[in-house]
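Shown next, in structure tokens, is the structure this report addresses.
The values are calculated or read from the model by the stated rules, or taken from the named source; none is laboratory data. All values reported here derive from a predicted model rather than from experimental measurement. When we count neighbours, we look across all protein chains shown, and the Cβ atoms used for this are built from the backbone with ideal geometry, even at glycine. Each accessible area value is taken on the protein alone, full model and side chains, heavy atoms only, with ligands, DNA and RNA left out. Shrake-Rupley method; radii C 1.70, N 1.55, O 1.52, S 1.80 Å.
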Amino acid sequence: MNQPTRNLNGTQFTIERISEEVMRRLADMQEDILLPESDEPVPVVKNGQLELETPIGVSVRHVHLCPEHVEILFGKGHDLSVYNELYQKGYYAAREQVMVVGRKRCIEKVRVLGPTRPYSQVELSQTDALVIGMRLPIATNGADPACQPITLVGPEGAVTLPGKGGGGAFIARRHIHLSDVTAEKLGVKSGDLLDLRIDGARPTTLHDILVRVKAGWFTEVHLDTDEGNAVGLRSGQSGTLIVPR
Ligand SMILES: [Zn+2]
């Protein structure tokens, strides 16, 4: 009588172990599928500080437009169309391009980035600004009162952005995009300033990388072309973000 019961128990035990193992592997697989952050770089502790390997995007001069200005520049009822998806989900380079009119010169074919925004703004490098004869402030967006007036010309019309906080031209402040989850992991918040170490042929540490946080964002530093060129970087390469502890 005892023998079959032991066998039965033994068999049950084995089936339980197998189903546990199957459930565990399924859970692992689901974690891989469900967690968008699983591909995100993981911070490591080094020299008493947190270091995070971070992808860097080098932003070429570009324009953001409000819906009203899209219609003035490209015609009534016109919508921006996608040319290229950007690294951050939901953001894209549009097919549409405009001419930016400076004091001394113009820059043709400046790419519009979508989606539309409440204010139009023009983000140039300092080199671009010098070429077209303008002095521009470093700012985070077109609502900054130091932004300068500037004119845009499209195939169907022209607009002049007023500057002074109502949309205008500026040089983009270097910044990092973080999800709320990654920001919490790093112990940083919107508005914090961090260092970014660039190794390579022109080793450099860039200070005051402004932290910007939004749920769903991928970790990515944005520099402009002047900054990228100065440190010998190209879009898609990476740097090391340094978080003091
Ligand atoms: Zn950015």
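The table that follows gives values for the structure above.
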{"item": "In order through segment 52-67: 3J(HN,Hα) via Karplus (6.51 cos²θ - 1.76 cosθ + 1.60), integer Hz, x for Gly, Pro", "result": "10, 5, 10, x, 10, x, 9, 8, 7, 2, 7, 10, 10, 10, 7, x"}
{"item": "DSSP beta bridges in segment 60-172 [antiparallel fraction, %, rounded to 5]", "result": "75 percent"}
{"item": "Computed accessible area, H207, all protein chains, 1.4 angstrom probe, square angstrom", "result": "100 Å²"}
{"item": "Protection proxy ranking of 70-76, 99-105 - average other beta-carbon atoms within 10 Å, highest first", "result": "70-76, 99-105"}
{"item": "From phi via Karplus (6.51, -1.76, 1.60), per-residue ³J(HN,Hα) for segment 188-196 in Hz, x at Gly/Pro", "result": "10, 9, 3, x, 5, 10, 10, 9, 10"}
{"item": "Residues A215 and E51, FRET efficiency given R0 of 25 Å [Cβ-Cβ distance, rounded to 0.05]", "result": "0.55"}
{"item": "Shape of segment 39-120, Cα gyration tensor, a/c cut at 1.5", "result": "prolate"}
{"item": "Cα shape, segment 132-182, gyration tensor, a/c 1.5 rule", "result": "prolate"}
{"item": "³J(HN,Hα), Karplus 6.51/-1.76/1.60, whole Hz, each residue of segment 106-113, x for Gly, Pro", "result": "10, 10, 8, 6, 8, 5, 8, 9"}
{"item": "Where F218, F170 fall by accessible area, highest first, once all protein chains stay in place (1.4 Å)", "result": "F218, F170"}
{"item": "T127-D208 pseudo-label distance in nm [points 7 Å out on the Cα-to-Cβ vector]", "result": "2.1 nm"}
{"item": "Point-charge dipole on Cβ atoms (K/R +1, D/E -1) for segment 26-167, about Cα centre, debye to 20", "result": "1160 debye"}
{"item": "By accessible area with a 1.4 Å probe, ligands and nucleic acids excluded, highest first: order of T182, T116", "result": "T116, T182"}
{"item": "Whole-percent carbon and sulfur share, accessible surface of segment 86-245, 1.4 Å", "result": "51 percent"}
{"item": "5 angstrom amide H check on T219, placed H, neighbours 5+ away", "result": "S179"}
